[in-house]
1. Placing +1 at every Lys and Arg Cβ and -1 at every Asp and Glu Cβ, with all other atoms neutral, what dipole size does segment 137-219 have around its Cα centre, in debye to the nearest 20?
2. Is any residue of segment 94-114 close enough, with backbone N under 20 Å, to a label point placed 7 angstrom from the Cα of Arg47 along the Cα-Cβ axis, and if so, which?
3. Compute the FRET efficiency between Thr422 and Asp446 as 1/(1 + (r/R0)^6), taking r as their Cβ-Cβ distance and R0 = 25 Å, and round to the nearest 0.05.
4. How are the Cα pair distances of segment 10-150 distributed, in percent, across 10 Å bins from 0?
5. Check Phe112: other-chain or 5+ apart residues with amide H under 5 Å from its amide H, H built from backbone geometry?
6. Between Gln164, Phe196, Ile113, whose Cα lies farthest towards the positive end of the dipole of segment 98-257 when Lys and Arg beta carbons carry +1 and Asp and Glu beta carbons carry -1, centred on the Cα centre?
7. Search the structure for amide H atoms under 5 Å from the amide H of Tyr172, placed 1.01 Å from N in the peptide plane, and list their residues when 5 or more places away or on another chain.
8. Out of the GluC sites (Glu not before Pro) in segment 50-153, which ones are loop residues according to DSSP with at most 16 other C-beta atoms within 10 Å?
Amino acid sequence: MNIIPPNGYNAALYLRLSRDEDAKQESNSITNQRQILTDYATQQGFRIAGEYVDDGVSGTSFDRPGFQQMLGDITEKKINMVIVKDLSRLGREYIGTGQYIEQIFPRMGVRFIAIGDRYDSLLDDEPSADMMPMYNFFNEFHAKQTSRKTRATKKSLAKAGKFQGSKPPFGYVRDPQDKYHLLVDPEAAEVVRCIFHLACDGLGYKAIARNLRDRGYPNPNAYVNAKDPEHHARSDYWKQPHDWHATSIKTLLHNPTYLGKIVSGRRRTRSFKDNQIIHMPEEDWIVVENTHEAIIDQRTWDLAHEKLKVRKRCDNHGAKMFAGLVKCADCGYALAYTKNGGNPYYQCSQYNVKGKAYCTSHYIRYDEIYDAVLHDIRRRAKAAAGMDKQLLRSLKREATGLLGKKLKQAEKDFKAIDARITELDTVIGKLYEDSALNRISPDRFDTLLQKYENEQTELKKKHVEVQKELAEQQKRQSESDQFMEMISAYTDITQLNASLLNELIHSIEVGSIRMEDGVRRRSIRIKYRQFCYVEVYTQEFDWLMAFEKDLAAEKSVAKQVAV
């Protein structure tokens, strides 16, 4: 029981409203609470020492600004009474709320009053005090039920492809006719496309941020504030309109909303009482395609993320344009760039580090790779532009044949795994039947059941993998014509750059030099994006002779036209 202090009570009025009950401005409920508490303290003759408000804060945790400030003033002896509208305003966490009321407040000499529940710690012998633990229990129960309902509602909206974010991603605006639908903001969308294209060119997060600052593009906060001056009224960040940060670029580049889909369930809190964020596995995400207009196509997204993985630096005028592309055909390691006496070359990085016991040198000059790739791109560009109809048919046949075989094999594997999974369902069902009729011993049943269930689990994993492979092969087969249209734009190129290489080429695999009939040969396998593998078998300088032959033919045609 609290003892009445000789100097009377200095009362703290504590007001709280959870985020589920509030809007942006101070709510009417807070206003009502203030009126009730003030009237009560005045009527009882308590001196009001302070008002502490947590507006839009959950009661399932006591880590609240207003509550913590009140505890500080209690510790400094400024307050010896706490008044709330009802017990749920103090908290909706059963154990914690009870500890404050029955242990912490009494130990600190604080009288606690909950007006609506008729609880007064000074009168803890009254029957109403016996109901206090029950009130706290039901307050927590209410919070748990509310949390369940909220999660169920959000999950339902997620499955329907509704956008539930507090604000649309940069590049979109909320549809005025439907708050769950996004519309493209044309002006901001152009900046988003620029960011993805810079990533496709091989720039990293910091380099993209510098590029945007140099171009004078406003950052998202500054852009929003220009449209709505009150939006960031309390922040100074928008006052530096061109101050882009790498973290903002990273967040933007990894937001799948720009593909025209809504991805929900990537994160969740541990429970309604614990706000620790848990990152969910990808298979548990809720993905709904085609919910709104896309700003970025899938090809641009894939290319940008592939370039971000290798973290390559962009340099259109040097050997770094091949960074992340040139691989050893035998061990798969990257070929390391070296400049020796002004003559740059590439060499297997595993050979450099571990020696010839692990791989061979795979030495190749920078100009060899440069000219071989340039020649092959021009050759294919001419074919795609219709300058060599026979070669065009050959290239398409090459792609269709290779992809067709892979697609056929993937379909065959998928059907076989699917059939075996169905077969195992029947076998396991029969096994339970045999066990129920005592046709097999319990030990034999357990052994066989474990065996079949393990096989089924592995097959289901493989089933998912093959399904992904099947989708990938179908996608690549449908994109071969798109590749031919894209490469045809490079018929007359005379030099390479990072942007061009990143758009067309996935990797360049360099084989080791070998002797055949007294001639030094090597293989250069160029993997073009969305198309196929191309193996360019070269004699030393043979590719150069072919290149010069093509160039001579072009000059001859030009001369005839001039005449």
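Coordinate-derived values only; no laboratory data. The structure presented is a predicted model; accordingly, all values stated were derived computationally and were not measured. When we count neighbours, we look across all protein chains shown, and the Cβ atoms used for this are built from the backbone with ideal geometry, even at glycine.
1. Value, rounded to 20: 600 debye.
2. Only 108-113 fall inside the zone, counting backbone N under 20 Å.
3. The formula returns an efficiency of 0.60 here.
4. Bin by bin from 0 Å, the calculated values are 12, 45, 37, 7, 0.
5. Residues meeting the criterion, in which the H sits 1.01 Å from N, are Val82, Ser121, Leu122.
6. Final value for the positive-end residue is Phe196.
7. Asp185
8. When the GluC sites (Glu not before Pro) of segment 50-153 are filtered for loop state and at most 16 Cβ neighbours within 10 Å, Glu76 remain.
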